[in-house]
Structure formats: C-alpha cells, structure tokens
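Novice: Please see the structure below; I have some questions.
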Amino acid sequence: MIRTLWIESFKAFLDDPGRTAPGIPLQPFTVLVGPNGSGKSTILQAIDTLGWLSAGTIKEMLDAHNWEYADLAHLRAARSHISMRAEIDLPNAARVQWHLTLGSRRAPGVAFEWIKRAEEDAWRSILLRSGRNVAQFPELADAGEEKTTLSLPSSWLSTIDLKADRARFPTLVALAQWARRIRAYYFLDPVALRASSRGKGEKFDELGLHGENFASFLGRIKARPKDFARLIERVRAHYPRLVDIHVRRKSYGWTHLEITEKWNGEQATFNARQVSDGLLRLIAVAAMHEMREPPSVLLLDEIENGLHPRLLGGLVAMLEELTRTGTTQVIVTTHSPITLNYVSSPESVLLVTRGKGGGVQVTPMNETKSFQELREHFELGELWYNAGEERLVPGKKGR
C-alpha cells in the first residue's frame, strides 16, 4: 500500500520549494471528502499517473483520459515540472520511495526519477535517472551498477521484465508488478455497464476504464461457479431483492446481462437496459473481489453516484472487505455525509480543502479541531456536515 504521497505542481497542487510538506497519509481504506474543486480527484489522478507510466507512455495516458499535457501542471506554480513521490510497502515486505518528475509544458516526458529501498536506518538507491541517463543498482552483493542512455516517455519501470529481471532487481520487479495493477474508475458509466460485449481471453478478466466489457467480465467469473455464487451472495447481503445474475450468450459471440429481482413477493427478470444505475455499480464493485489478479490500488471517484442512501452502507462494507484481503488498497472520494457515516475508522477519512494561496490542504479527520469533543455527539458524516470545513480545519477561522 501507499503509506504517504507527495504531489507538487500537478493540477490542484502547488509546488513545495522547501520540500516541507508532510505528505498525504493514506490508509488501506481512505475516503477523501471536501468541497468541489478542493483537490480530491487530483490525488486519485496522481496515483493513476504512476500506474499508467509504470507500463505505458505519457501519450497513452493522455489519450485514455482525454487530457492535454499542458493542462497537467498547476498554472500558478513557480516550477513548471510536475513531481510525485510515494512511500510504498510492497508485498515482498520491502519499503520503497518512488519519485517521478515530468518535464515542463514545452518538454513532455520524464525528466527525473529515483527509487530507493529502506535498509535499516537508511535509504539505498536502486534506480537513478536524470534525463536520458539511467543507473540501476542490482541488489546482488557482488554486482555493480548498470548504466543506460535512453529516451523514454514513461517510468523506467515500464522496461522491467517481471521474469528476466527478478534475480538482479527483485525490488524493482515487485514495484513494477504492484504499480501495473493500479486501477482507476473515475466514473463507472451506466451506459458502458449496460452494453453487450464480445470477446474472449484474459483481457476480459477485469472491467474497462469506464465499465466497458462488464458482461464479458461477469461471464469470465461465471465460468468459476464458486466465485460467481460468492459474488451474488455479496450483492444480496446488501440488496436482498436480488435473485440471480444471468450472463446470456447471443449470436456472433455477443454477451449481455439480465437481472432477476423479487418485488412484493413476485420475481421479474430485467435486461441490463432496465436495471438501475446503482445496482449495476454495486454488482461491479462486488465483482472486483473475484478478479483473478485483484488491483493493488483501487481508485473510485464519487462512490455515492446512483445509489440509494440505504445502499451506501453496503458499498462501503464491500470496499472495506476488499482491503482486508491484504492485497488491495482502496482510495475513494465522496460528497455524501451519509456515506461517511458508514466508514468504520476516523483515521480512514481525509478532509481536503484549500489553504493559503489556494494550495491544497489535507487533514486527517481525527486531527481536525475539537474532533474528540464533537465525535461524542456526531457520526463522522454528521460531524462533517454540521461543523463544516471552516470550523474543522486547523489554521482556518471558525464560524
């Protein structure tokens, strides 16, 4: 999981010339709350950028999100370079810091990158890259550094071969494997979730960026009856009206969904076009538990969209359950106080606001002003709604 994240000169985040920012502390399950435009989505996008550049190019990332490179840097930042740094606990028990700096608006590309591994009381460099010059430091005791000169519009991790490099660079391999499993679903589009899909193979072992291939994805899970039954029970625990999920094969390889529900004691089967947005999203999140390769980090924006308030607790429970597997970290945003009421730990909630000069200010909810006193009287969502950001955030004048 990502323990701490630093962001500079990227979208809503200003630069930090003195490198004094404490960083954003993240938990296995983290919920970002705050006003519109405060920088919540920017945090998700920064993590998503690390994931994209670990396997693909800057152009591929820009095309997938319909972004322009010139729009990535904060317009008022003194530095035109974008920097992201993450301290990460990897599955192989290594702790690393990964720093990535992108070039200015007129020089798109990776300008600087370093990766360090924690060893006792110090950090040991295992990758150092400046412009086209790259130095890798094998972790074998008798191996010397390897230097390369190469222009690459992505992280050096995109060159890592997960099999061939495992002996010489085990930490880089573990980091690359972790980063390539970051998955961001900013908007699970009901239109995409409803659409029929066609195709076979490992490509359909997960959802598309906006929920594409949903029918084929569920079809892959249905081929594993125990996993599919578990998926249905997971949804039914929070949506008791669900009877069954049908994955229908049509002509020419097309697959579509039908849902059977029980209303007033009677069963009815609906095609995907007739099913509610919220139920489709609930099924999609439930299905993520059954992916053959679960995400290392799952990013979801505005998780309350399309859901009845009574279903929000079920969604939060599913996401918290996903983190308990020990393989997936979940980071989400919400504008819903009701959603926040269902979050089990105050440490999981980060209040994102704008501080002096318009810079993003991130405050753990349990460190806000008068939190302990207010917590005795309010649930988390009620506390946020009734007190408001102006009263909660340290350094801001209260009402």
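Novice: Given 4 °C and 1.567 mPa s, how large is the Stokes-Einstein diffusion coefficient of the chain in µm²/s, with Rh as the Kirkwood radius over Cα pairs?
Specialist: Using the Kirkwood radius from Cα pairs, D works out to 57 µm²/s.
Novice: Hey, what D do you get for the range 92-196 in µm²/s if you plug the Kirkwood alpha-carbon radius into Stokes-Einstein at 37 °C and 0.692 mPa s?
Specialist: Estimated diffusion coefficient is 210 µm²/s.
Novice: Using just the helices of the chain, give the 222 nm mean residue ellipticity in deg cm²/dmol: DSSP H runs with n ≥ 4 each add -39,500 (n - 2.57), and the total is spread over all residues, rounded to 500.
Specialist: -7500 deg cm²/dmol
Novice: What ³J(HN,Hα) values, in whole Hz, does the Karplus curve 6.51 cos²θ - 1.76 cosθ + 1.60 give for the range 246-252 when θ = phi - 60°, with x put for Gly and Pro?
Specialist: Each residue of the range 246-252 in turn: 10, 10, 9, 8, 10, 5, 6 Hz.
Novice: Mind listing the Cα extents of the range 272-399 along all three principal axes, in Å, largest one first?
Specialist: 49, 31, 30
Novice: From the convex hull of the Cα coordinates of the range 193-288, what is the mean projected area in square nanometres?
Specialist: 6.0 nm²
Novice: Something else now. How compact is the range 318-385 by the rule of thumb for globular proteins, expressed as Cα Rg over 2.2 N^0.38 Å?
Specialist: 1.22
Novice: Now, a different point. Based only on Cα atoms, what Rg/Rh ratio does the range 43-149 have, Rh being taken as Kirkwood's radius?
Specialist: Looking at the range 43-149, the ratio lands at 1.00.
Novice: Between beta-carbons, use under 11 Å as the cut-off and find the net charge around Asp89, counting Lys and Arg +1, Asp and Glu -1.
Specialist: +1
Novice: Hey, another quick one. Taking 8 Å as the Cα distance limit and 6 or more residues as the minimum spacing, I'd like the relative contact order of the chain as a percentage.
Specialist: The value is 17 percent.
Every number here is computed from the coordinates shown, using simple stated rules; none is lab data. Here the structure is a predicted model, which is why all the values come from computation and not from measurement. Every residue, glycine among them, receives a Cβ derived from its backbone with ideal geometry; neighbour counts consider all protein chains shown.
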